[in-house]
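Enquirer: Supplied in structure tokens, the structure appears directly below.
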Amino acid sequence: MSEDMEDGGDIKKFMYMNRKAPYGTIYALEALEVVLIGAAFDQDVSLAFVDDGVFQLTKGQDTAGIGIKNFSPAFKALGDYDVTKLYVEKESLEERGLTADDLMDLVYEDEDDDWAEKPSIRLVSRDELKTVLAEQDVIMSF
Amino acid sequence: MSILHTVNKSPFQKNDLTSCLAHANDDDAVLMIEDGVYGAIKGTQAASQIAAAGATVFVLGVDLAARGISEDKVADGVSVVGYDGFVKLAAEHHAVNSWL
Amino acid sequence: MAYEVNGKTIEHDEEGYLSDLTQWDNDVAAILAKDEGIEMTDEHWEVVNFLREYYDEYQIAPAIRVLVKALKKTMGKEKGSNKYLYTLFPYGPAKQACKIAGLPKPTGCI
């Protein structure tokens, strides 16, 4: 870690873009690990869930029958890591027959607001997400 | 003589399901497994293709559960089966075509 | 590589972390602690049990600052501090406490 990063003098906007379903490939799990590691560097982190990436956030995942670890509970820990902006694209949900109600209830505690619980998931349209993407300094896509 | 087709890719990312359904005969069976099970969600383009197809379509329940897709989200006309159903389907058809 | 505890074989990786966390129990923890040169007290168990519960809920071993934050919330300022944790686990709380708790090495812990 460089000095100026420790000072908070050079905070960059990091976007991790998730486009893959959770268990068919290793991308989703690897992306989550990168996010957790990257969270140590005190940057301004956002996650986007686009295309099949929205399937990562479905509630009620139960992998007992397929012998793969269910890592969806880890998304609930992201708030502890100060990762509080999860952009979910509406169009991607709709194309897949899903609504926001099918997703996990993800929240974070706002330190600046007496630890009030606030939702981490931000539903955005494709156009709105384009604007969010344009504001980023670094984008990593998985 | 009939074939069991298995599809393990998400229909929203690959055209495996579309191509499989187009190549399946009416007495064939199509079984969606792994990420292929996302094709079973009702109200999607994939579900319309399944409804229009002649083959009988199944989906593997454990892969649905793993992905948090409850059975009430499964499109009409798609039957949920377990591993035992998978084995039975494989035995009932003279060949298995795994769309990879 | 494996530990022998009460006649049972407990597999571990090259750094000593358990391969299968369901094999963990208090006796295994005691052996792991001994290997780390740690005498387990109630305070040590408190942290170890906290980590077990955290893992049970989130399926990850928390990073040190996340652990500190969470402990501060549930156990107060004194126990929720780097200093306190380093007193209990001098070679790195996340590393040592997670190992004793039978958890994988925390993600991002070098």
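Enquirer: Which of the residues belonging to region A:106-126 are under 16 Å from A:LYS90 (Cβ atoms) and either surrounded by 15 or more Cβ atoms within 10 Å (Cβ to Cβ) or modelled with pLDDT under 90 (or both)? Before the answer, list the steps.
Expert: In the first step, residues of region A:106-126 are kept if they are under 16 Å from A:LYS90 (Cβ atoms); the result is A:119, A:121-126.
Hits for region A:106-126 are A:ILE121, A:ARG122, A:LEU123, A:VAL124.
Enquirer: Suppose we filter B:VAL37, B:VAL78, B:VAL74 for residues that are within 21 Å of B:GLN13 (Cβ to Cβ), more than 12 Å from chain A (Cβ to nearest Cβ) and within 13 Å of the chain's Cα centre (by Cα); which single one remains?
Expert: Details: B:VAL37 fails: more than 12 Å from chain A (Cβ to nearest Cβ); B:VAL74 fails: more than 12 Å from chain A (Cβ to nearest Cβ).
After ruling out the rest, the residue left standing is B:VAL78.
Enquirer: Follow-up. For region A:46-66, how many residues meet the condition of being more than 7 Å from chain B (Cβ to nearest Cβ) and either open to solvent by 10 Å² or more (accessible area, probe 1.4 Å) or in contact with a Ser or Thr (Cβ under 6 Å, 6 or more places away or on another chain) (or both)?
Expert: Initially, region A:46-66 is screened for residues more than 7 Å from chain B (Cβ to nearest Cβ), giving A:46-50, A:53-54, A:56-57, A:64.
So of that shortlist, the ones also either open to solvent by 10 Å² or more (accessible area, probe 1.4 Å) or in contact with a Ser or Thr (Cβ under 6 Å, 6 or more places away or on another chain) (or both) come out as A:50, A:54, A:64.
Going through region A:46-66 one residue at a time, the tally reaches 3.
Enquirer: Another question, then. Are any of the residues in region B:13-27 at the interface with chain A (Cβ under 8 Å from one of its Cβ atoms) and either in contact (Cβ under 8 Å) with a residue 24 or more places away in the chain or open to solvent by 40 Å² or more (accessible area, probe 1.4 Å) (or both)?
Expert: yes
Enquirer: Taking B:ALA46 as the residue in question, decide whether it is of a type outside the set (Asp, Glu), buried (at least 23 other Cβ atoms within 10 Å of the Cβ) and without any contact (Cβ under 8 Å) to a residue 24 or more places away in the chain.
Expert: Details: of a type outside the set (Asp, Glu): yes; buried (at least 23 other Cβ atoms within 10 Å of the Cβ): yes; without any contact (Cβ under 8 Å) to a residue 24 or more places away in the chain: no.
In short, no.
Enquirer: Where the second residue is acidic (Asp, Glu) and part of a strand (DSSP E or B) and the first is at negative phi and lies in region A:39-67, which pairs have Cβ atoms under 8 Å and are six or more apart or on separate chains?
Expert: Cβ pairs passing all conditions: A:ALA48/A:GLU89; A:PHE49/A:GLU89; A:VAL50/A:GLU89; A:VAL54/A:GLU89.
Enquirer: Follow-up. If I go through region C:43-80 residue by residue, how many of them are open to solvent by 60 Å² or more (accessible area, probe 1.4 Å) and within 13 Å of chain A (Cβ to nearest Cβ)?
Expert: Matching residues across region C:43-80 total 8.
Enquirer: If I go through region A:85-96 residue by residue, how many of them are buried (at least 20 other Cβ atoms within 10 Å of the Cβ) and assigned to a loop (DSSP other than H, G, I, E, B)?
Expert: The number of residues fulfilling the criteria is 1.
Enquirer: Anything in region A:14-41 that is more than 10 Å from every other protein chain (Cβ to nearest Cβ), open to solvent by 60 Å² or more (accessible area, probe 1.4 Å) and not in a helix (DSSP H, G or I)? List them, or say none. Before the answer, list the steps.
Expert: First, pick out the residues of region A:14-41 that are more than 10 Å from every other protein chain (Cβ to nearest Cβ): A:14-18, A:26-31.
Still in the running and open to solvent by 60 Å² or more (accessible area, probe 1.4 Å): A:26-27, A:30.
If the condition is that a residue be more than 10 Å from every other protein chain (Cβ to nearest Cβ), open to solvent by 60 Å² or more (accessible area, probe 1.4 Å) and not in a helix (DSSP H, G or I), then A:ILE26 is the only one that fits.
The values are calculated or read from the model by the stated rules, or taken from the named source; none is laboratory data. This one's a predicted model, so the numbers in the text were calculated from it and none came from an experiment. Glycine also receives a Cβ, built like all others from the backbone with ideal geometry; neighbour counts cover every protein chain displayed. We work out accessible area using only protein heavy atoms, side chains counted, and drop any ligands, DNA or RNA first. Shrake-Rupley method; radii C 1.70, N 1.55, O 1.52, S 1.80 Å.
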